[in-house]
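The structure under discussion appears below in the form of structure tokens.
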């Protein structure tokens, strides 16, 4: 079973307490895990000035970082006063994907926690936000926090995908439910299971190719197979029938609507990234990230 021993919170470079702080502390308290908070900080003006007067700028940089360290340590004390094991570090570096991934790998995080980065569709045309890059490359489960309505999640939705052969996703559905059930048990949260079927998605458009091209008998056989697999997973993780949900439609749209209308605090879902050909298997998570109705826990299969 998935074990949660080490949580890594990637704090924003701005010295402000965000919803991810409260969520990280709540999960640390519920699971008994240690929490490490890291902030990547970099001031271009200090870096450029250092080219001309290295010693003076090194002192200025250290003074600046010391202020940030002191602030982050103050935030950690909120958790330490509650009996949590919380440590902090400020790293002088731009929060790029290379620096963040190296830190995640060195730390050995079981879950990486971060606030959702809100970026407009226009901005996404020109660059990929850090959230998107982490979605594809972060080796640990990635928890993107949208708000602090309930710092401790009370309702968790495990969204699985039964439209692919299990060999393609390397047991991803089991992994989603393993993590979701562990979190639900630790937090005392209600766990629901959802599968959206019947559509093949390309980007934001849904084309019901399954129902257009399959004969009725074959379509029924596929549907029966998916339902059987769905019930098997639900029973394995002891999810009662009242909390099992089968829907048909465009996956990311149905997940968003269902989560919003039922006031879930967290969606646990998977993504599979094969470089150059990941659009089909990874698009649901990416599209859900654009309009997340609640916090997301993104899971990838082990490689």
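Quick note: the coordinates plus some simple rules give every number you see, no bench work behind them. Owing to the predicted nature of the structure, the values given are computational and were not obtained by experimental measurement. Cβ coordinates were reconstructed from backbone atoms using ideal geometry, including for glycine residues, and neighbour counts include every protein chain displayed.
Which whole-number percent is the relative contact order of region 67-161 (Cα, under 8 Å, 6+ apart)? Kindly include the intermediate steps, with their values, before the conclusion.
Working: 60 pairs, mean separation 23.5, N = 95.
Dividing the mean separation by the residue count of region 67-161 yields 25 percent.
Provide the packing ranking of 99-105, 19-25, i.e. peptides ordered by the mean count of other C-beta atoms within 10 Å per residue, highest first.
Output ranking for 99-105, 19-25: 19-25, 99-105.
Between residue 147 and residue 5, what length in nm is gained on full extension when 0.36 nm per residue of separation is reduced by their alpha carbon distance?
So the extension gain works out to 48.8 nm.
Using alpha-carbon pairs under 8 Å, 6+ residues apart, how would you state the relative contact order of region 1-149 in percent?
32 percent
Write down the Kirkwood hydrodynamic radius of region 1-149, to one decimal in angstroms, obtained as one divided by the mean of 1/r over all alpha carbon pairs. Numbers along the way, then the final one.
On the way: mean 1/r = 0.0609 Å⁻¹.
One decimal place: 16.4 Å for the Kirkwood radius.
Could you sort the peptides 232-240, 180-188 by per-residue average Cβ neighbour count (10 Å cutoff), highest mean leading?
180-188, 232-240
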